[in-house]
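For reference, the structure is listed below as structure tokens.
The values are calculated or read from the model by the stated rules, or taken from the named source; none is laboratory data. The structure presented is a predicted model; accordingly, all values stated were derived computationally and were not measured. Backbone-built Cβ (ideal geometry, glycine too); neighbour counts: all protein chains shown.
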Amino acid sequence: MPKSKDRRSVDMQIMRDWVDPKSRVLDLGCGHGVLLEYLKQTRETEGVGVDLSSEKIHDCVKRGLSAYLGDMMEFMGSFPDNHFDRVICSRTLQELDNPSEVIMEALRVSRCLTIGFVNFAYWRNRLSMLLNGRRLENEVFPTPWSESRRGNPLSVKQFESYCESENIRIEQKVFLRGDWKRKTTHIPNWLCGYAIYDLSAS
């Protein structure tokens, strides 16, 4: 079974490749600042993160990063159009109360938006529900339902249908298999474990 840091390094490398050197980056739901620090080291970015956890913001500050404790919509509302070169929303989308509102605001304050999310329609998830009648528990969903954070799971098909309906242009996309290391291009709604999108406003 791949270690968490190995899975994390693959999606971070993909996101890094989409970030221009020395660009201004906003990380929504920045967590402990691992991605922001990585971009700062490898792309010399001018980054800022926003998160609701004071502990995670404290960790960002310890890493020497700029981070804001509070609501991401309120934070983005303080910036003019296209203030950032890129906004990143990694592993956060499914926990938002109004993901569409966040996406549209992110595309207002930046030229590009990177989104990464777990594909809930991955075949192992479907099989677990079919055979066991319960959500799969693995390295992606390690905690039981009663202890997990709130979530609004989505699939590759749902997300692409949303982008089409909102006239959001998909510039690039990468689908990682269930091991979160190998890429796949075939029937991603079934075979993709983690999806990464590079978006722009039409």
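Of the conditions (1) under 17 Å from the mean Cα position of the chain (by Cα); (2) outside any loop (DSSP other than H, G, I, E, B); (3) modelled with pLDDT of 95 or more, Phe117 fails just one. Which one is it?
Phe117 satisfies all of (1) under 17 Å from the mean Cα position of the chain (by Cα); (2) outside any loop (DSSP other than H, G, I, E, B); (3) modelled with pLDDT of 95 or more except (3).
Could you look through the stretch 1-59, keep only residues that are of a type in the set (A, V, I, L, M) and farther than 25 Å from Glu171 by Cβ, and pick out the one that is modelled with the lowest pLDDT?
Only one residue tops the list, namely Met1.
Quick test for you: out of Arg169, Arg108, Arg134, pick the one residue that is at pLDDT below 95 and out of contact with any Cys (no Cβ under 6 Å at 6 or more places or on another chain).
Details: Arg169 fails: at pLDDT below 95; Arg108 fails: at pLDDT below 95.
On inspection, the qualifying residue turns out to be Arg134.
Six or more apart or on different chains, Cβ under 6 Å: which pairs go from a residue in the stretch 67-88 that's under 12 Å from Leu28 (Cβ atoms) and touching a residue at least 60 places away in the same chain (Cβ under 8 Å) to one that's of a type in the set (Asp, Glu) and not in a helix (DSSP H, G or I)? Could you list them?
If the second residue must be of a type in the set (Asp, Glu) and not in a helix (DSSP H, G or I), the pairs left are Ile88/Asp27.
Within the stretch 9-30, which residues are free of Cβ contacts under 8 Å to residues at least 40 places away in the same chain and surrounded by fewer than 20 Cβ atoms within 10 Å (Cβ to Cβ)?
Once the filter is applied, which keeps residues that are free of Cβ contacts under 8 Å to residues at least 40 places away in the same chain and surrounded by fewer than 20 Cβ atoms within 10 Å (Cβ to Cβ), the stretch 9-30 yields Ser9, Met12, Gln13, Arg16, Asp17, Pro21, Lys22.
Filter the stretch 157-172 down to residues that are in contact (Cβ under 8 Å) with a residue 40 or more places away in the chain and not in a helix (DSSP H, G or I) and give me whichever is farthest from the chain's Cα centre (by Cα).
Looking at the filtered set, the residue picked out is Glu166.
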